[in-house]
Amino acid sequence: MHYPSQRGFTLIELVMVIVLMGVIGGMVSVFMKSPIDAYFDSARRAGLTDVADTVLRRMGRDIRKALPNSIRIADSQCVEFIPTKTGARYRSDPGGAGDVLDFSQSDGSFNMLGNNPAAPADQQIGAGDLIAIYNLGISGADAFAGDNTAAVSSASPGAGSPPESLITFSAAKKFPLESPTKRFYVITATEKVVRYLCIDATGTNAQGHGNGTLYRQVLSLPLAESTTCPASVTGAAVMATNVSACNFNYSGSDLQRNALISIKLQITEKNETVSLQHQVHVSNVP
């Protein structure tokens, strides 16, 4: 009987192939390591930049809606302000059938020029909101102390032509100062004070990560002014972690009724650092 020939490879040939594959793999890994490391480094930097940019934009959006003359900075690690959701004008001319806001005595209601229900949902005045008039941020005209604010109990639909809405207070209020432009601002019931606060934003740890955390804290009114930032917070939203440096700087101008707030945020992860700076123009015309 004839058997077909059988072919194979020897153990020496197998060892030689394994050695050659190892050499080739080692050579390839040398050339591949740098591009792979660069890819992960680039992805990490992009992630850090995205976090920092998103946080700064959110802060800028909040600060632009701040009640005039309400921004306070205890030190470079925190900033607090009273956010507003809308503003309008109150009736001051007694002509017609509208309810005029009386500044000579306590008044429980007034007519807003405009139709409240016609405004976007997030800008409509509702129960629990606060009306603030001519906030100067000084004693006697400070919204943080409640000098020039009154709580809303109801806001009726607009009536007349052009329409005017009746705003009723929970309790009658005598406002200390009248606005030269007959303007009032509305402080939302759910966020009367917003504070951005960096805690432990001082360098990095042994793993190369930033030590600090940036928080967004919602507070209530009235709120006394503090000379230092809190060392800890509870119930605050975390905006960014791995913060290695943080700085808030507020430059106001009483003569020009405007101000500038500068925010610097530095985030470090695995010794990779991204540092961004953002400036927000603030209108302090009350």
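The values are calculated or read from the model by the stated rules, or taken from the named source; none is laboratory data. It should be emphasised that the depicted structure is a prediction, and the values quoted were computed from it without experimental measurement. We place every Cβ from the backbone using ideal geometry, glycine too, and count neighbours over all the protein chains shown.
Observations, loosely collected:
- Test set (1) surrounded by fewer than 15 Cβ atoms within 10 Å (Cβ to Cβ); (2) in a strand (DSSP E or B) - residue 265 fails condition number: (1)
- Test: residue 116 is in the same structural domain as residue 173 (by TED's automatic domain parsing), closer than 21 Å to residue 175 by Cβ, surrounded by 19 or more Cβ atoms within 10 Å (Cβ to Cβ) and modelled with pLDDT under 95: yes
- Residue ID - farthest from the chain's Cα centre (by Cα), chosen from residues in region 119-133 that are more than 17 Å from residue 169 (Cα to Cα) and part of a loop (DSSP other than H, G, I, E, B): 119
- Residues satisfying the stated conditions in region 167-211, i.e. in contact with a Gly (Cβ under 8 Å, 6 or more places away or on another chain), more than 23 Å from residue 223 (Cα to Cα), surrounded by fewer than 21 Cβ atoms within 10 Å (Cβ to Cβ) and hydrophobic (A, V, I, L, M, F, W, C): none
- For region 171-221, the candidate set comprises residues that are β-branched (Val, Ile, Thr) and in a strand (DSSP E or B); within that set, the residue that is nearest to residue 59 (Cα to Cα) is 194.
- For residue 93, the conditions (1) at pLDDT 95 or above; (2) over 30 Å from residue 198 (Cα atoms); (3) outside any strand (DSSP E or B) are fulfilled apart from (1).
- Criterion applied to 54, 86 was being in contact with a helix residue (DSSP H, G or I) (Cβ under 6 Å, 6 or more places away or on another chain) and modelled with pLDDT of 90 or more, and the one residue passing it is 86.
- As a summary of the residue check, residue 146 satisfies the conditions (1) outside the structural domain of residue 237 (by TED's automatic domain parsing); (2) closer than 25 Å to residue 261 by Cβ; (3) out of contact with any Pro (no Cβ under 7 Å at 6 or more places or on another chain) except for the one numbered (3).
- Some residue of region 234-251 being in contact with a strand residue (DSSP E or B) (Cβ under 7 Å, 6 or more places away or on another chain), more than 13 Å from residue 200 (Cα to Cα) and outside any strand (DSSP E or B): yes
- Failed condition for residue 69, given (1) within 19 Å of residue 148 (Cα to Cα); (2) modelled with pLDDT of 95 or more; (3) surrounded by 19 or more Cβ atoms within 10 Å (Cβ to Cβ): (2)
- Qualifying residue in region 145-162 (condition: touching a residue at least 60 places away in the same chain (Cβ under 8 Å), touching a Ser or Thr at 6+ places or on another chain (Cβ under 8 Å), more than 30 Å from residue 231 (Cα to Cα) and not in a loop (DSSP other than H, G, I, E, B)): no
- Count of region 218-235 residues, restricted to those that are under 16 Å from the mean Cα position of the chain (by Cα) and in contact (Cβ under 8 Å) with a residue 40 or more places away in the chain, is 1.
- Count of residues meeting criterion [modelled with pLDDT of 90 or more and over 24 Å from residue 184 (Cβ atoms)] in region 272-286: 7
- Qualifying residues in region 145-165 (those that are among the hydrophobic types (A, V, I, L, M, F, W, C) and more than 13 Å from residue 131 (Cα to Cα)) - the one modelled with the highest pLDDT: 145
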